[in-house]
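Reviewing the structure listed below.
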């Protein structure tokens with residue numbers, strides 16, 4: 001257990017670890033300190049034997065994203081850098097793990113909470129209680145390329161633009177239709193379904209699962225590298241150097 005705002009549990013017999021955001025009175029908003037503690041907590045769970053991670057929230061929310069009290073304390077470059085670096089480091093830690101990760105979305109999954117769910121391998125959500133939004137346009141927040149790329153990978157460019165430009169909130173049925181989540185599950189069956197799927201994964205080859213994750217990560221990175229290559233052909237430096245060739 002990292003602190004009472006994040007509760008961690010590890011079932012040694014199965015290797016399934018659960019990380020629960022536990023600020024129900026604040027809609028499980030993830031503070032800077034919570035973001036900063038996540039990488040250490042995750043690595044500790046893996047060291048202790050976790051073979052799969054499930055993220056969820058206590059009470060009625062999954063996670064409502066950034067803590068507005070933290071946002072109000074951003075007054076200069078240093079405070080802004082600390083705030084975003086804490087979020088970015090946690091999300092990249094989750095996205096780059098060799099072991100599989102599942103977001104068990106039991107309620108509203110907003111802002112940074114949705115970015116965290118997107119960084120997981122799989123997302124199962126409560127049919128009625130869950131909802132999704134990344135309202136950065138409403139707040140004047142700019143996402144980095146990694147988070148935009150993860151969203152585009154899930155739902156495509158057009159739907160990503162629609163979601164980000166509008167700052168709209170969508171329900172689980174719509175989220176499943178566009179590919180933001182893997183499946184919408186009846187609310188009272190969400191935990192059982194998630195655990196059953198987790199056990200299905202763990203019954204298979206961990207080597208294959210890890211290799212598959214690595215392959216998909218490489219494919220995603222190649223997309224970005226291809227864009228840089230195309231732009232390179234249009235650069236003045238490339239044209240100048242080609243002019244020197246016989």
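Looking across the stretch 150-176 at every residue that is in contact (Cβ under 8 Å) with a residue 40 or more places away in the chain and touching a helix residue (DSSP H, G or I) at 6+ places or on another chain (Cβ under 8 Å), the one that is surrounded by the fewest Cβ atoms within 10 Å (Cβ to Cβ) is identified as 153.
Tell me the residue from 31, 14, 8 that is more than 24 Å from residue 195 (Cβ to Cβ) and touching a residue at least 12 places away in the same chain (Cβ under 8 Å), please. Outline the logic, then answer.
Working: 14 fails: more than 24 Å from residue 195 (Cβ to Cβ); 8 fails: more than 24 Å from residue 195 (Cβ to Cβ).
Going through 31, 14, 8 in turn, just one is more than 24 Å from residue 195 (Cβ to Cβ) and touching a residue at least 12 places away in the same chain (Cβ under 8 Å): 31.
Checking 97, 116, 143 one by one, the residue that is in a loop (DSSP other than H, G, I, E, B), under 18 Å from residue 194 (Cβ atoms) and in contact (Cβ under 8 Å) with a residue 12 or more places away in the chain is 97 and no other.
Among the conditions (1) crowded, with 18+ Cβ neighbours inside 10 Å; (2) out of contact with any strand residue (DSSP E or B) (no Cβ under 7 Å at 6 or more places or on another chain); (3) at pLDDT 95 or above, residue 147 misses just one, which is (3).
Suppose the filter is at pLDDT 95 or above, assigned to a loop (DSSP other than H, G, I, E, B), over 23 Å from residue 201 (Cβ atoms) and in the same structural domain as residue 19 (by TED's automatic domain parsing); does residue 160 pass it? Spell out the reasoning first.
Details: at pLDDT 95 or above: yes; assigned to a loop (DSSP other than H, G, I, E, B): no; over 23 Å from residue 201 (Cβ atoms): yes; in the same structural domain as residue 19 (by TED's automatic domain parsing): yes.
Criteria not met by residue 160.
Note on the stretch 111-144: residues that are modelled with pLDDT under 95 and out of contact with any strand residue (DSSP E or B) (no Cβ under 8 Å at 6 or more places or on another chain) total 9.
For the stretch 180-190, the criterion of being loosely packed, with under 15 Cβ neighbours inside 10 Å, touching a residue at least 40 places away in the same chain (Cβ under 8 Å), over 19 Å from the mean Cα position of the chain (by Cα) and part of a helix (DSSP H, G or I) is met by no residue. The single condition from (1) part of a helix (DSSP H, G or I); (2) more than 30 Å from residue 80 (Cα to Cα) that residue 138 fails is (2).
Can we say residue 90 is in contact with a strand residue (DSSP E or B) (Cβ under 8 Å, 6 or more places away or on another chain) and assigned by TED's automatic domain parsing to the domain that holds residue 184? No, not satisfied. If I filter the stretch 66-87 for residues that are modelled with pLDDT of 95 or more and either surrounded by fewer than 21 Cβ atoms within 10 Å (Cβ to Cβ) or touching a strand residue (DSSP E or B) at 6+ places or on another chain (Cβ under 6 Å) (or both), do I get at least one hit? So far as the stretch 66-87 goes, no, none of its residues is modelled with pLDDT of 95 or more and either surrounded by fewer than 21 Cβ atoms within 10 Å (Cβ to Cβ) or touching a strand residue (DSSP E or B) at 6+ places or on another chain (Cβ under 6 Å) (or both). Apart from one condition, residue 125 fits all of (1) touching a helix residue (DSSP H, G or I) at 6+ places or on another chain (Cβ under 9 Å); (2) buried (at least 22 other Cβ atoms within 10 Å of the Cβ); (3) part of a helix (DSSP H, G or I); the exception is (3). With respect to (1) in contact with a strand residue (DSSP E or B) (Cβ under 6 Å, 6 or more places away or on another chain); (2) in contact (Cβ under 8 Å) with a residue 40 or more places away in the chain; (3) more than 19 Å from residue 123 (Cα to Cα), the lone exception for residue 39 is condition (1).
The values are calculated or read from the model by the stated rules, or taken from the named source; none is laboratory data. As the structure is a prediction and not an experimental result, all values here were calculated from the model. Counting neighbours? That spans all protein chains shown, and the Cβs are built from the backbone with ideal geometry, glycine included.
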